[in-house]
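For reference, the structure is listed below as structure tokens.
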Amino acid sequence: MRPVLRDNTLEEQFQHDGYVIVPFLNQEEVQHLRQQYFDTIAQSGGLIQSEDAGIKDTITYDFTFIDKNIDYKRLVYKVITQTFEPHFQKYLANYKPIIANFIRKKTNNGEVPLHQNWAFVDETKSTSVSIWCPLVDSNEENGTLQVVPGSHKRFGKVRGPMIPWELENIKHDIIEKYLVPMNVKAGEAVILDDSIVHYSAINKKEELRLAIQLILIPEEETSIHYHMDLAKSNKKVEVLEADVNFYMEFNPWKKADNVQTLKSFSYRPFNMSITEFDKGIYGKRIDEVNESSGILEKIKSIFS
Ligand SMILES: O=C(O)CCC(=O)C(=O)O
Ligand SMILES: [Fe+2]
């Protein structure tokens, strides 16, 4: 399996639980990024609303990726990647950034529904990660990130904004029983496998809860985006070629024009039961099959 982290102990912990907590930014950098957030926010174009997206659920979260001003998104990407670069280079085994977000939670606001991040690579072969770094101390009171340890690489193999999610019907049970809140100081970071099941509640504090998410993929990978055109079929997934620019100009609820479809495959969405979910945690991983077929390939090559 391609390694994610340079340090062996951290790598082991990451592969086991699906995340690690590490010291990341120093206090000057935390201050700098907070300042940059407030200095540039006037350039935000406002967020895509559910009416614009044509969806019925209200969008409760505030992430840069749904900002309407592409120039503002580009600026945020530049500001975040510049400060993050030396730190992610130190921890990650040759990764490159693909999306950068400020995540803002005002008082009594900002719930991020239970989800797994989209797939950005073929996860049976490699791993994409998010570096989640709060710019204020974060805990349950202000709506910190909460994860289901051991849920990575097990569920939702085909994920994208338009693809029905197999855990949708059991999300309330998962929120009640399986989450572990990340208690992290400003500048510490959670490095998480994008396939881990996670959630965050509203901010019950006066102070703004500001955090950053930087999504990264292995340097040698081309990023992919799974798209389903529900108007046409709910059984066919298109694999679109994606890059930093794709996500800049991208509206999650619309199919981007001018992008290349690499291939398509049939996929039948389904609903998982809570019993199956419970059994799956720390269970067989989606990349395990691959490893054994890899061995088979090797044996075959010896005898051919
Ligand atoms: O900031 C939050 O509360 C949620 C973050 C999240 O979903 C992510 O970084 O993938
Ligand atoms: Fe997320």
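The values are calculated or read from the model by the stated rules, or taken from the named source; none is laboratory data. As the structure is a computational prediction, the values presented were derived from the model and not from experiment. With ideal geometry, Cβ positions are generated from the backbone for all residues, glycine too; neighbour counts draw on all protein chains shown.
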Given (1) buried (at least 19 other Cβ atoms within 10 Å of the Cβ); (2) over 16 Å from the mean Cα position of the chain (by Cα); (3) β-branched (V, I, T), V148 misses just (2)
Taking the range 138-158 and keeping only residues that are out of contact with any strand residue (DSSP E or B) (no Cβ under 6 Å at 6 or more places or on another chain) and within 14 Å of ligand 1 (Cβ to nearest atom), one is left with N139, E141, V148, S151, G156
Among K284, K255, the single one that is basic (K, R) and modelled with pLDDT under 95 is K255
Within the range 164-204, residues being of a type in the set (A, V, I, L, M) and outside any loop (DSSP other than H, G, I, E, B) number 9
Of the listed residues (E207, E238), the one being more than 16 Å from the chain's Cα centre (by Cα) and assigned to a loop (DSSP other than H, G, I, E, B) is E207
From the option list P97, P161, P86, single residue qualifying as outside any strand (DSSP E or B) and either farther than 16 Å from V22 by Cβ or within 15 Å of ligand 1 (Cβ to nearest atom) (or both) is P161
How many residues of the range 118-157 are not charged (D, E, K, R) and not in a loop (DSSP other than H, G, I, E, B)? The answer is 11
Filtering the range 204-262 down to residues that are among the basic types (K, R), in contact with a Pro (Cβ under 9 Å, 6 or more places away or on another chain) and under 30 Å from L33 (Cβ atoms) yields R209
Going through the range 95-114 in order, the residues found to be more than 16 Å from ligand 2 (Cβ to nearest atom) and surrounded by 20 or more Cβ atoms within 10 Å (Cβ to Cβ) are Y95
Residue pairs within 7 Å by beta carbon, gap of at least six or interchain, first lying in the range 187-213 and within 10 Å of ligand 1 (Cβ to nearest atom), second basic (K, R), listed first then second, are N203/K105; N203/K106; N203/R209; R209/K105; L210/R34; L210/R104
Checked T64, T83, T9 against criteria (within 21 Å of I131 (Cα to Cα), of a type in the set (S, T, N, Q) and under 18 Å from the mean Cα position of the chain (by Cα)); the one match is T64
message: Can you find a residue that is within 12 Å of ligand 2 (Cβ to nearest atom) and among the basic types (K, R) anywhere in the range 156-168?
response: yes
Among the residues of the range 270-285, the number that are surrounded by fewer than 16 Cβ atoms within 10 Å (Cβ to Cβ) and outside any helix (DSSP H, G or I) is 6
Subset of the range 41-66, residues closer than 18 Å to R209 by Cα and either charged (D, E, K, R) or out of contact with any strand residue (DSSP E or B) (no Cβ under 9 Å at 6 or more places or on another chain) (or both), comes to D62
Next item on the list: Confirm whether K78 is without any contact (Cβ under 8 Å) to a residue 12 or more places away in the chain, away from ligand 1 (no atom under 11 Å from the Cβ), assigned to a helix (DSSP H, G or I) and touching a strand residue (DSSP E or B) at 6+ places or on another chain (Cβ under 9 Å).
Entry: yes
Check your understanding: For the range 186-195, does any single residue satisfy the condition of being within 14 Å of ligand 2 (Cβ to nearest atom), within 17 Å of the chain's Cα centre (by Cα) and either of a type in the set (S, T, Y) or surrounded by fewer than 22 Cβ atoms within 10 Å (Cβ to Cβ) (or both)?
Key -> yes
*Kindly establish whether Y247 is at pLDDT 80 or above and either closer than 20 Å to R154 by Cα or out of contact with any Phe, Trp or Tyr (no Cβ under 8 Å at 6 or more places or on another chain) (or both).*
no
Condition set within 16 Å of ligand 2 (Cβ to nearest atom) and among the β-branched types (V, I, T), scope the range 210-229, selection nearest to A186 (Cα to Cα): answer is I212
